[in-house]
1. Is there a residue in the stretch 190-212 that is under 23 Å from the mean Cα position of the chain (by Cα) and of a type outside the set (Gly, Ala, Ser)?
2. Filter the stretch 125-148 down to the residues that are farther than 16 Å from GLY273 by Cα and of a type in the set (A, V, I, L, M), then identify the one that is least open to solvent (accessible area, probe 1.4 Å).
3. Does the stretch 102-124 contain at least one residue that is more than 18 Å from the chain's Cα centre (by Cα), surrounded by fewer than 24 Cβ atoms within 10 Å (Cβ to Cβ) and of a type in the set (Gly, Ala, Ser)?
4. Within the stretch 154-200, take every residue that is open to solvent by 70 Å² or more (accessible area, probe 1.4 Å) and part of a loop (DSSP other than H, G, I, E, B) and give me the one that is nearest to SER109 (Cα to Cα).
5. Kindly establish whether ILE151 is within 14 Å of ALA269 (Cα to Cα), assigned by the TED database to the domain that holds LEU228 and open to solvent by 10 Å² or more (accessible area, probe 1.4 Å).
6. Go through (1) surrounded by 23 or more Cβ atoms within 10 Å (Cβ to Cβ); (2) out of contact with any Lys or Arg (no Cβ under 7 Å at 6 or more places or on another chain); (3) not assigned by the TED database to the domain that holds VAL205 and name the single condition ARG354 misses.
7. Can you list the helices (runs of 4 or more DSSP H) found entirely within the stretch 236-312 that contain at least 1 residues being farther than 27 Å from LEU360 by Cα, in contact (Cβ under 8 Å) with a residue 40 or more places away in the chain and open to solvent by less than 10 Å² (accessible area, probe 1.4 Å)?
8. The conditions are (1) open to solvent by less than 60 Å² (accessible area, probe 1.4 Å); (2) assigned to a loop (DSSP other than H, G, I, E, B), and LEU92 fails exactly one of them. Which is it?
Amino acid sequence: MSDREQTGRGIGQLVGRAESVLRDTLLAQGAGVVGAVGRPAERLLWPVAERYNRRLGERFGEVTGLQLLLLVVAFGGLVTAPLWGQDYLRPLTLGAVWAVFAMGWDIQSGYTGYISFGHSALSGAAGYTTGLLVLHLNPGLSLFVTVPLSILVTTALGLAIAVPSLRLRGPYFSLVTFVTVLLFYRLTKALSEWTNGLRGIRVDVFTYDLTLQYYMVVVPMLAVAATLTYVGRSDVGTVLVAIRENEDAVSAAGLDPTKFKLWSFVLSAVPMGIGGVLLAHVNAGVDPQTFVIVDNSIQMIAMAVIGGMSSILGPLGGAFLFVGLRDVFLVGLGEELRWLALWLLVLLVLVFARDGLFRLLWRALGALGGDRR
């Protein structure tokens with residue numbers, strides 16, 4: 001090994017240790033700050049958490065009292081959001097749609113470690129399927145027809161991408177998914193007689209009642225979150241994580257990694273299809289700039305990174321935080337500074353809190369309850 005390689009390895013190890021120390025320090029300080037209030041609250045809530053763990057812990061993961069409180073407060077906030085006023089319902093509705101995208105990306109890329117840049121093609125396929133059905137078949141077509149067909153087309157596209165690409169490893173898989181988005185984008189313009197090119201296709205909104213529209217998006221989002229959390233805790237989720245950690249060991253154990261990676265892509269394609277249909281109706285249309293560009297895939301990745309990859313609920317929280325910053329809190333900075341601040345946040349999380357902000361919070365609450373998992 002050359003001196004340069006030894007120096008590079010030494011620097012890498014030093015940075016890794018610094019990140020670990022900083023993460024542990026932040027976690028310890030956070031626990032110390034709220035410990036005086038948190039520990040008594042944990043003792044009060046633990047009997048309720050224990051009953052939850054006995055009934056649902058095996059399926060959805062065991063929790064401490066404070067972790068259960070966080071879930072209840074978050075759920076209650078989502079359910080009662082329209083009561084706070086109408087001003088923030090639009091960003092919350094978009095946050096719920098992007099949460100579906102982020103969770104769909106996470107079950108495939110976060111769990112298996114095969115990073116995809118092509119998920120905007122999947123959501124775009126769902127949106128365009130809905131748009132083409134409405135434009136060329138029947139403008140009044142029922143959601144009970146468009147939604148299943150859009151999900152079916154998205155799943156088929158997911159399999160078409162997955163079958164050749166998942167046999168590749170490392171950057172080659174990511175490059176294939178990246179090129180898929182570029183091809184899909186060009187295809188929407190090449191077939192402009194069908195897709196209306198950059199003008200896109202108009203799709204009727206679910207309803208102009210913002211409250212009803214919000215619930216029509218949040219309910220599917222919660223269903224996706226519950227389903228993917230269950231899958232992530234199952235034996236399938238365990239194998240997907242094992243593939244990320246050591247794919248050769250999975251093969252040595254007699255399991256076929258490619259089969260499980262295909263399943264992960266199917267599991268990912270279904271919520272991407274749901275989210276694509278929801279976004280088409282929320283935005284009242286579908287066009288390549290809104291649906292297909294690779295920027296959308298990168299935003300999904302950013303949401304998962306901020307929240308905490310391979311956790312499902314982390315990307316959900318990361319999506320709401322990202323959309324809230326993007327569409328509400330940072331709007332006053334202007335277009336360029338807003339995006340600069342957002343990507344700087346993602347960079348800081350990648351360097352100093354690689355497990356994600358919501359995972360750090362979750363572990364801090366778990367530590368107060370004696371959870372050291």
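1. no
2. Here the answer is VAL134.
3. Looking for residues that are more than 18 Å from the chain's Cα centre (by Cα), surrounded by fewer than 24 Cβ atoms within 10 Å (Cβ to Cβ) and of a type in the set (Gly, Ala, Ser), one finds none in the stretch 102-124, hence no.
4. For the stretch 154-200, the residue satisfying everything is ARG169.
5. yes
6. Condition not satisfied by ARG354: (1).
7. 257-282, 288-291
8. Failing condition for LEU92: (2).
The values are calculated or read from the model by the stated rules, or taken from the named source; none is laboratory data. In this text, all values refer to a predicted model and were calculated from it rather than measured experimentally. Cβ atoms come from the backbone with ideal geometry, glycine included; neighbour counts cover every protein chain shown. Only protein heavy atoms, including side chains, enter the accessible area calculation; ligands, DNA and RNA are left aside. Shrake-Rupley method; radii C 1.70, N 1.55, O 1.52, S 1.80 Å.
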